[in-house]
Amino acid sequence: MKKRIGLLYGGKSAEHEVSLTTATAITKAIDFNKYEVIPIYITLDGEWCRGPQLTKPAETEEDLQFKKSESKPNHIIEFILDKDGNQAKFDVIFPLLHGTNGEDGTVQGLLEVLNLPYVGNGVLASSAGMDKVVMKQLFSVAGLKQVPFVYFIRYEWDRNKEELLSKCEKELQYPMFVKPANLGSSVGINKASNREELEEAIHIAFKYDRKVIIEQGIEAREIEMAVLGNNEPKVSVAGEIKPTTEFYDYESKYKDGSTSLVIPAEIPSEVEATMKDMAIRAFKILDCAGLVRADFFVRGEEVFINEVNTMPGFTPVSMYPLLWQNSGLSYPELIDKLIELAVERHNEKQQLQFNRE
Ligand SMILES: Nc1ncnc2c1ncn2[C@@H]1O[C@H](COP(=O)(O)OP(=O)(O)O)[C@@H](O)[C@H]1O
Ligand SMILES: [Mg+2]
């Protein structure tokens, strides 16, 4: 029996286009002999549009951009439940969504309520991983080394600007990195080298979130590792990002190709061992499932964790799949493995008891 996979992509998010690229690539790599693939496109307006079953790879991204009028069901729940309310439609949902409303636990919550198996992280890991402050606090609990940081909400900022600027300057050194707590892809992130820039950067970050984090800047290499698994997560080789712009921003990450990836990264084996250990500890403290990309700053022999991404870039030329390819797992094999892990985790959950006997 073929497994019926719901590919969930697009999304009301700044990373809509990236998601479409990923979905197209997946249709090119997935084994149609093993899987029935049903595309579910979320438009930029947040409308869910289910397309017809795919029998061959999508040639272009446009092939996967269905319109509301072409879409059969017109309510989210109808995607999942058939007319009689029976749970029938999908064996596994494969969310390929980044950022808000996709990587932050909201879609995962919907799928939980519907009791559907889905690829990747659950509600807790997704939302904790999306909030840089919560993530860093958990990393501290796990004893993971990271750069010092300060954070506050807009309400506090509006009332105590001078005090908060002084706090940043007391606890951190310039340059500092100012970030909205809850966004990805470097949106709203700025580097500040003096008080004036700091104030401006905070002002910008507050356009995107009510909570802002300010980190001490570090001059370091950026090296990443991929983690794959549920209860016994495995770690890939390391990969280094070599940006050509001043820092790894949205343009260089997704658009102009001005970064190069070096896989495997040239690092001493002790540094690699430290990173592996930290990647696993990060995975466990956030209670991750399926996959995570762990991003580090490496300065000499010192390793600092920067963040984890619970739905890392997943096109065939993205770091996460490339790290596995260099560790002996091809893109199609990785897709199989993630689907398998989704089923495993779902089955584990079905064993739980929900009454009080
Ligand atoms: N504390 C820091 N020191 C030096 N560079 C940083 C720091 N924080 C972020 N950067 C640079 O900004 C980029 C984006 O920051 P990151 O926290 O990874 O945000 P995102 O979630 O958008 O990927 C990093 O990849 C790095 O190049
Ligand atoms: Mg990052």
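Test each condition in (1) touching a helix residue (DSSP H, G or I) at 6+ places or on another chain (Cβ under 8 Å); (2) of a type in the set (Ser, Thr, Tyr); (3) surrounded by fewer than 18 Cβ atoms within 10 Å (Cβ to Cβ); (4) at pLDDT 95 or above for Thr245 and report the one that comes out false.
Evaluating Thr245 over (1) touching a helix residue (DSSP H, G or I) at 6+ places or on another chain (Cβ under 8 Å); (2) of a type in the set (Ser, Thr, Tyr); (3) surrounded by fewer than 18 Cβ atoms within 10 Å (Cβ to Cβ); (4) at pLDDT 95 or above leaves (4) as the failure.
What are the pairs, 6+ residues apart or on separate chains, where a residue within segment 46-69 that is among the aliphatic types (A, V, I, L, M) has its Cβ under 7 Å from a residue that is at pLDDT 90 or above and in a loop (DSSP other than H, G, I, E, B)?
Leu64/Ala58
Please state which of the following conditions Ser186 fails to meet, knowing it meets all the rest: (1) at positive phi; (2) modelled with pLDDT of 95 or more; (3) of a type in the set (S, T, N, Q).
(2)
Among the candidates Lys167, Lys191, Lys179, which residue alone is within 20 Å of Val308 (Cβ to Cβ), in contact with a strand residue (DSSP E or B) (Cβ under 8 Å, 6 or more places away or on another chain) and modelled with pLDDT of 95 or more?
Lys179
Take the residues in segment 149-191 that are aromatic (Phe, Trp, Tyr) and more than 22 Å from the chain's Cα centre (by Cα), then tell me which one is farthest from ligand 1 (Cβ to nearest atom).
Within segment 149-191, the match that is farthest from ligand 1 (Cβ to nearest atom) is Tyr155.
State the number of residues belonging to segment 316-337 that are within 16 Å of ligand 1 (Cβ to nearest atom) and either within 17 Å of Leu20 (Cβ to Cβ) or surrounded by fewer than 22 Cβ atoms within 10 Å (Cβ to Cβ) (or both).
1
The values are calculated or read from the model by the stated rules, or taken from the named source; none is laboratory data. Keep in mind that this is a model prediction, so the values were computed, not measured. Ideal geometry is used to build each Cβ from the backbone, glycine not excepted, and the neighbour counts take in all protein chains shown.
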